[in-house]
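> Structure incoming, see below.
The values are calculated or read from the model by the stated rules, or taken from the named source; none is laboratory data. All values derive from a computational prediction rather than experimental measurement. Methodologically, a virtual Cβ is constructed for each residue, glycine included, from the backbone with ideal geometry; neighbour enumeration extends over all protein chains shown.
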């Protein structure tokens, strides 16, 4: 079994095509096909189903896929470690954050890291919390600011930055304007403005509602647009209490939903020296800020 065979296999699965996989790894398509056939013969099972228009993974292939990815990540981590310890300026750190996060200034943290380690390449990804958590677990990100409900996601270490209640934020034209609180039962009677499924705030709202799903009238991908829709009188916006400038916040009770924002990274490596340095700096900044 060779690493290139695992690399080609992962590429075909992710691209869904031998042609696109060959372009990705810069190898002629027959070479990719031949190496994967060799891998299948060695394992004694087909890893790919070639019968349809798109190449799909078999049950055996699905079981092998995470192991292949882990092997490739380990080799890449070993290469980066040797290069960085040898003084080569080819380190890479990959950070992620939820959209419109005001609790921690991750770009400022990355600026400090860049000043201390100018030879390290830094990438910053914005996405929703579910996507960021998946990327952390899969090793595609080293560090991320995420929102979640309940216990820390499996496989991740976290430093909690903020716990704050969700509120129903309304404009002056809304019937709830001037009220101090509404019950969750009352909230369920209204068409709400919310962030989409996959965000930490939406997860907190859905968890509080339980089997009774909230009635979402408008959905927007970022808090500023949620606020704008509420300011236009389109209904209550459900957001964290710190986000609702320009609107009247109404407390939600019985029960009160809470959101949690945390800095997260994989508990188990592999972590490159550059990633470990970023995590250490982030922990120092969190301790100082808190």
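> Report yes if residue 275 is modelled with pLDDT under 85 and under 18 Å from the mean Cα position of the chain (by Cα), otherwise no.
Working: modelled with pLDDT under 85: yes; under 18 Å from the mean Cα position of the chain (by Cα): yes.
In short, yes.
> Look through 110, 141, 161, 132 and report the one residue that is crowded, with 20+ Cβ neighbours inside 10 Å and at pLDDT below 90. Spell out the reasoning first.
Values: 141 fails: at pLDDT below 90; 161 fails: crowded, with 20+ Cβ neighbours inside 10 Å; 132 fails: at pLDDT below 90.
It is 110.
> With the structure loaded, tell me whether residue 155 is buried (at least 16 other Cβ atoms within 10 Å of the Cβ) and in contact with a helix residue (DSSP H, G or I) (Cβ under 6 Å, 6 or more places away or on another chain) or whether it fails that test. Explain how you work it out, then say what you get.
Working: buried (at least 16 other Cβ atoms within 10 Å of the Cβ): no; in contact with a helix residue (DSSP H, G or I) (Cβ under 6 Å, 6 or more places away or on another chain): yes.
Against the criterion (buried (at least 16 other Cβ atoms within 10 Å of the Cβ) and in contact with a helix residue (DSSP H, G or I) (Cβ under 6 Å, 6 or more places away or on another chain)), residue 155 does not qualify.
> State all residues of segment 223-236 that are surrounded by 15 or more Cβ atoms within 10 Å (Cβ to Cβ) and closer than 19 Å to residue 162 by Cβ; if no residue qualifies, say none.
223, 226, 227, listed by residue number.
> Just checking, how many residues over segment 255-276 are part of a loop (DSSP other than H, G, I, E, B) and either surrounded by fewer than 16 Cβ atoms within 10 Å (Cβ to Cβ) or out of contact with any helix residue (DSSP H, G or I) (no Cβ under 8 Å at 6 or more places or on another chain) (or both)?
5
> In segment 191-209, is there at least one residue being at pLDDT 90 or above, under 30 Å from residue 71 (Cα atoms) and either touching a helix residue (DSSP H, G or I) at 6+ places or on another chain (Cβ under 7 Å) or surrounded by 17 or more Cβ atoms within 10 Å (Cβ to Cβ) (or both)?
Narrowing segment 191-209 to residues at pLDDT 90 or above: 191-209.
Checking which are under 30 Å from residue 71 (Cα atoms) leaves us with 198.
Next, from what is left, pick out any that are either touching a helix residue (DSSP H, G or I) at 6+ places or on another chain (Cβ under 7 Å) or surrounded by 17 or more Cβ atoms within 10 Å (Cβ to Cβ) (or both): 198.
Yes, segment 191-209 has at least one match.
> Which number in (1) surrounded by fewer than 19 Cβ atoms within 10 Å (Cβ to Cβ); (2) closer than 26 Å to residue 163 by Cα; (3) modelled with pLDDT of 90 or more marks the one condition that residue 63 misses?
Unmet condition: (2).
> Sticking with this structure for a sec: Considering every residue within segment 155-164, establish whether at least one is assigned to a loop (DSSP other than H, G, I, E, B), within 30 Å of residue 279 (Cβ to Cβ) and within 12 Å of the chain's Cα centre (by Cα). Give the steps one after another, and end with the answer.
At the first step, the residues of segment 155-164 found to be assigned to a loop (DSSP other than H, G, I, E, B) are 155.
Now narrow it down to the ones that are within 30 Å of residue 279 (Cβ to Cβ): 155.
Now drop any that are not within 12 Å of the chain's Cα centre (by Cα), which leaves none.
So far as segment 155-164 goes, no, none of its residues is assigned to a loop (DSSP other than H, G, I, E, B), within 30 Å of residue 279 (Cβ to Cβ) and within 12 Å of the chain's Cα centre (by Cα).
> Turning to a different aspect of this structure: Provide a single number: the residues in segment 158-190 that are touching a residue at least 60 places away in the same chain (Cβ under 8 Å) and touching a helix residue (DSSP H, G or I) at 6+ places or on another chain (Cβ under 7 Å). Don't jump to the end; show me each part of the working.
Step one: of segment 158-190, the residues touching a residue at least 60 places away in the same chain (Cβ under 8 Å) are 158-174, 176-185, 187.
Pick out the ones that are also touching a helix residue (DSSP H, G or I) at 6+ places or on another chain (Cβ under 7 Å) and you get 159, 161, 164-171, 184.
So the answer is 11.
> Of all residues in segment 193-224, which are closer than 15 Å to residue 252 by Cβ and assigned to a strand (DSSP E or B)?
Once the filter is applied, which keeps residues that are closer than 15 Å to residue 252 by Cβ and assigned to a strand (DSSP E or B), segment 193-224 yields 193, 194.
> Sticking with this one: Look at segment 233-248 and say how many of its residues are closer than 23 Å to residue 197 by Cβ and touching a residue at least 60 places away in the same chain (Cβ under 8 Å).
Final tally of qualifying residues: 11.
> Could I ask something else about it? When you go through 22, 28, 11 one by one, which is the residue that is at pLDDT 90 or above and farther than 30 Å from residue 272 by Cα?
Working: 22 fails: farther than 30 Å from residue 272 by Cα; 11 fails: farther than 30 Å from residue 272 by Cα.
Matching residue, one of 22, 28, 11: 28.
> Right, another one. Taking segment 247-275 as the region of interest, how many residues are more than 24 Å from residue 184 (Cβ to Cβ) and touching a strand residue (DSSP E or B) at 6+ places or on another chain (Cβ under 9 Å)?
Here is the first cut: in segment 247-275, the residues more than 24 Å from residue 184 (Cβ to Cβ) are 262-275.
Then drop every residue that is not touching a strand residue (DSSP E or B) at 6+ places or on another chain (Cβ under 9 Å), which leaves 262-267, 271-272, 274-275.
Number of matching residues: 10.
> Go over the candidates 284, 252, 279, 227 one by one and state the one that is in a helix (DSSP H, G or I) and touching a residue at least 60 places away in the same chain (Cβ under 8 Å). I'd like the intermediate steps shown before the answer.
Details: 284 fails: touching a residue at least 60 places away in the same chain (Cβ under 8 Å); 252 fails: in a helix (DSSP H, G or I); 227 fails: touching a residue at least 60 places away in the same chain (Cβ under 8 Å).
From the options 284, 252, 279, 227, the qualifying one is 279.
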